[in-house]
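**Q** Below is the structure I would like to discuss, written out as structure tokens.
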Amino acid sequence: MPIGTFLHFVSSYYFMLTSLPRVQFIDGVKPLWEDEHCKDGGAYKIRMPKTHTAKYWEDLLLALVGEQFDAESGEVLGLVLSSKFNSDVVSIWHKTANSEETRTKLKASIEAILQLEDGMKLDYENF
């Protein structure tokens, strides 16, 4: 699913790199668990030191726009960045939590995109 026009992406990309909270979802999806697209989904979450946030956020954002996740088009719904006191949390929301195959492939994609350092792990949450 497209995220919008290229101009929309560039303006959103610049805005997201310079402001908080950072939320980016594909067209038509609201960042709410109750949204029709999200209600049967879940999210992978990774807590990271603030020194890693900009790079990981950028890598995931570009993967979302370029549909680089090993999942069907439209499976990854969006990204949420939450800033905490001494760390940040990025959540990768997706649509189909009940498919173990989809979850496994998506987790492998995220790990490959981020090239996680030792001690960093992905947590999972069903909506």
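Where a number appears in this text, it was derived from the coordinates with a stated rule and is not lab data. Quantities reported herein were computed from a predicted structural model and do not represent experimental measurements. When we count neighbours, we look across all protein chains shown, and the Cβ atoms used for this are built from the backbone with ideal geometry, even at glycine.
**Q** Between W57, W93, W33, which gets the highest mean-square fluctuation from a Gaussian network model of the chain, Cα cutoff 10 Å?
**A** Largest GNM mean-square fluctuation: W33.
**Q** Let me ask something else. Within segment 57-117, which GluC sites (Glu not before Pro) sit in a loop by DSSP and count at most 15 neighbouring Cβ atoms inside 10 Å? Intermediate values should be presented prior to the final figure.
**A** Working: sites: E58, E67, E72, E75, E100, E101, E111, E117; in loops: E67, E72, E75, E117.
In loop regions of segment 57-117 (DSSP not H, G, I, E or B), the sparsely surrounded GluC sites (Glu not before Pro) are E72, E117.
**Q** Tell me which DSSP H helices of the chain clear both cut-offs, 15 Å or more of axial length from alpha-carbon atoms and a mean Kyte-Doolittle hydropathy of at least 0.5.
**A** Numbers: long enough: 6-18 (18 Å, 1.08); 50-65 (23 Å, 0.09); 100-114 (21 Å, -0.32).
The answer, listed by residue number, is 6-18.
**Q** GNM, the chain, Cα, under 10 Å: largest mean-square fluctuation among G42, G74, G28?
**A** G28
**Q** Using DSSP loop states and a limit of at most 16 other Cβ atoms within 10 Å to flag trypsin sites (Lys or Arg not before Pro), what is the longest stretch of the chain containing no flagged site?
**A** On the way: sites that count: K39, K84, K121.
Longest site-free region, per DSSP loop and neighbour criteria: 40-83.
**Q** Follow-up. Straight-line reach only, C-alpha to C-alpha below 12 angstrom: list the aspartates and glutamates that K50 could link to, leaving out same-chain residues fewer than 8 apart.
**A** D88
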